[in-house]
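Trainee: Quick one: structure below, then a few questions.
Each value in this text was obtained by applying a stated rule to the coordinates, not by laboratory testing. What you see is a predicted model; the values in this text were computed from it and never measured. Quick reminder, even Gly has a Cβ in these numbers, built from the backbone with ideal geometry, and neighbours come from all protein chains shown.
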Amino acid sequence: MAQSRPLQSLDMMVNMGPQHPSTHGVFRMVLWVDGEYIVEAEPYIGYLHRGTEKLCEGELYPQIITLFDRLDYLANFNNEWTLCLAMEKLMSVQVPERAEYIRLILCELNRIASHMLFYGTMGLDAGAMTPVMWGFRERERIQRLFEATSGARMMHNYFRIGGIKEDVPEDWKARVSGLASELEKSIEECDKLLTYNEVYLVRSVNVGKLSAKEALEWGVTGPCLRASGIPYDVRTSEPYSLYNRFQFDIPVGKNGDTWDRYALRVEEMRQSVKIIKQALGQMPDTGPFMATGVRRIPRPPKGEVYLGTENPRGEFGVYIVSDGGDKPYRLKIRPPSFVNLQALKAMLRNSYIADSVMILGSLDIVLGEVDR
Amino acid sequence: MLNSLKGLLLTLRIAPRKPVTAEYPKKHLPIQDSYMGFPVLTWDSRIGEPYCTGCMVCVRMCPTNCMSALMKDNPLNKEGKSPRKKIIEAFEINYGRCILCGICEEVCAFDAITMSHQHELGSMARNGRRVDLPRLLELGKLYQDESGWRPPTEIEKEKQAALKTVQASAAAGAIPPPVVQPTSPPQAGP
């Protein structure tokens, strides 16, 4: 583009954000544009910086769970789970089977809720209004179950190191299986509405391509990496928790374009429903929900641990250094959105300004997690 | 073209469905029973005093330091009316800071603080959401009445007692003990 200019002209610098509605939060991009084309892009982050990692050093372990809720605020359960799993690994705690199944089911439901919101905003970025209504409708259904389980729609603080806070309500299993079959239907509905719509195809196919090599170089994980054709999923490549007990597929894209990243997430929702159904069948009806011998304020032994789990956005990792006290000496978070966002620069080059919104949307970033 | 028409047909088919939304200030969607709203203090109506003894465990465990408490000697205890030696004198929660995590309720050993269903306590003043002891108890009584609240430790005691009787009768051979069979080898954890 820049090479084939008929006239000698200068690039124009345009600010996008931080209050732009399509940036999904407070995120600013500086674009150098040549007419309709983006020559260079520079993302600026940090508007939502709260210093979570430093705050964690001053909080007791049970209090840190409340901070983790607020990182990726669309996948709260997944964040809590990662911290709890890492702590359990550090302290070698055996979690009761029932509690582990409950946590797994809630996390998979949270994945669907997060992808549903992605589905909605992706449609909205392409200019369609209905998907966002439908996406939020389905997400609300899931959140109502979360409210009945943990007492909160979003900031749950429900998982504990060694189990869960309290047992689930009595009709929980029936409610979840009802919800799973409802979701199965509505995922098909949502899929029918948007995926093969001609306008949407024109807007998203071959837009914002990311090759497998580039994706690996940038350290991209999660659906964005799998859309580029690399079947890397922490759930299967490094199975944590009970994931080796289920039969499910890892969808993989071909081109690594915006449409692939979208369609892959829709397919992932179906796989999550599949996992939930299997987990409900295997889950024991009775049993303890908390491991024995874990104190209210845990003091893990001296040492360090890293554990990564598959969040809706990619590999979410927690690295904890413990000095044997009731607070961590250092806690490092590997947020998938932050790493995925770095690839934006490569993806935006030589694309249209109007497509930048689509490309950013297809990365599905959450700025609570990017800025921490 | 064909796929767009298909999508349009789908929209038309779904259009006559009942809306799932509610016009908010006029109509409220139902709150789930286990909903955690703002924390309130409970009232022991048998004795006529709050459950709270001001032991400060919730104050110390609060992640946002949103509350403060002050303890005093219980005058009712001297008269022999109450088993509590100490009682709360002043308690303040800043609802503007509270993050509704439920840790205070979890750590309380006296059933004194509970998460109510209150969630619409807005204020126009900067410090208008600082709530003192009388107001907290008032909100607590409201919650206790509407939800049929009972002290969690009492419920737990009853559960344990029921379990014991079941076990005792099982040992006597009256009822076979409940069998818990794990469906797969008990290996949880990472």
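Trainee: So how do A:202-211, A:323-332 stack up, highest first, on mean other-Cβ count within 10 Å?
Mentor: The packing order, highest mean first, is A:202-211, A:323-332.
Trainee: So, with +1 on the Cβ of K and R and -1 on the Cβ of D and E, and no other charges, what is the size of the charge dipole of the protein assembly as shown about its Cα centre, to the nearest 20 debye? Working shown, then result.
Mentor: Details: 68 positive and 67 negative charges, 126 e Å.
Rounded to the nearest 20 debye, it is 600 debye.
Trainee: Tell me, A:C107, B:C66 in order of fewest to most beta-carbon neighbours within 10 Å? List each step's numbers first, then the result.
Mentor: Details: A:C107 26, B:C66 20.
Fewest to most other Cβ atoms nearby, the residues stand as B:C66, A:C107.
Trainee: How well do other chains shield peptide B:99-107, expressed as the mean number of their Cβ atoms within 10 Å of each residue Cβ?
Mentor: Whole-number average of other-chain Cβ neighbours for B:99-107 is 6.
Trainee: Cβ neighbours within 10 Å, averaged per peptide: list A:291-299, A:152-160 in order, most packed at the top.
Mentor: By packing density, highest mean first, the sequence is A:152-160, A:291-299.
Trainee: Ok, one more. Using only the Cα atoms of the protein assembly as shown, what do you get for the radius of gyration and for Dmax, in Å?
Mentor: Taking only Cα atoms of the protein assembly as shown, I get Rg and Dmax of 26.2, 99 Å.
Trainee: Per-residue mean of other chain beta-carbon atoms within 10 angstrom of the beta-carbon, peptide A:151-158?
Mentor: Mean inter-chain Cβ contacts per residue within 10 Å come to 5.
Trainee: Relative to the Cα centre, what is the charge dipole magnitude of the range B:39-153, using +1 at the beta carbon of each Lys and Arg, -1 at the beta carbon of each Asp and Glu, and rounding to the nearest 20 debye?
Mentor: Taking the Cα centre of the range B:39-153 as origin, the dipole is about 320 debye.
Trainee: Cα centroid distance between the range A:86-114 and the range B:141-163, in Å?
Mentor: After rounding, the separation between the Cα centres reads 28 Å.
Trainee: Can you sort A:M87, A:M133, A:M116 so the residue with the fewest Cβ neighbours within 10 Å comes first?
Mentor: A:M133, A:M87, A:M116
Trainee: Ok, one more. Residue farthest toward the positive end of the dipole of chain B, with Cβ of Lys/Arg at +1 and Asp/Glu at -1: which of B:L8, B:V59, B:I113?
Mentor: Most positive-ward Cα: B:L8.
Trainee: Something else now. Rounded to whole Hz and in sequence order, give me ³J(HN,Hα) for the range B:37-47 from the Karplus expression 6.51 cos²θ - 1.76 cosθ + 1.60, θ = phi - 60°, writing x for Gly and Pro.
Mentor: Per-residue couplings from phi come out as x, 5, x, 10, 9, 8, 10, 8, 6, 5, 9 Hz.
Trainee: Could you list the GluC sites (Glu not before Pro) in the range A:73-109 that lie in coil according to DSSP, counting only those with at most 14 other Cβ atoms within 10 Å of their Cβ?
Mentor: none
Trainee: Can you show me the helix-derived [θ] at 222 nm for the protein assembly as shown, built from DSSP H runs with n ≥ 4 at -39,500 (n - 2.57) apiece and divided by the number of residues, rounded to the nearest 500. All intermediate terms of the calculation are to be shown ahead of the outcome.
Mentor: On the way: 21 runs with 243 residues, N = 562.
Mean residue ellipticity at 222 nm (helix-derived): -13500 deg cm²/dmol.
Trainee: Once you mark the trypsin sites (Lys or Arg not before Pro) that are in a DSSP loop and have at most 11 other Cβ atoms within 10 Å, what is the longest gap between them in chain B?
Mentor: After excluding every exposed loop site, the longest remaining stretch is B:127-190.
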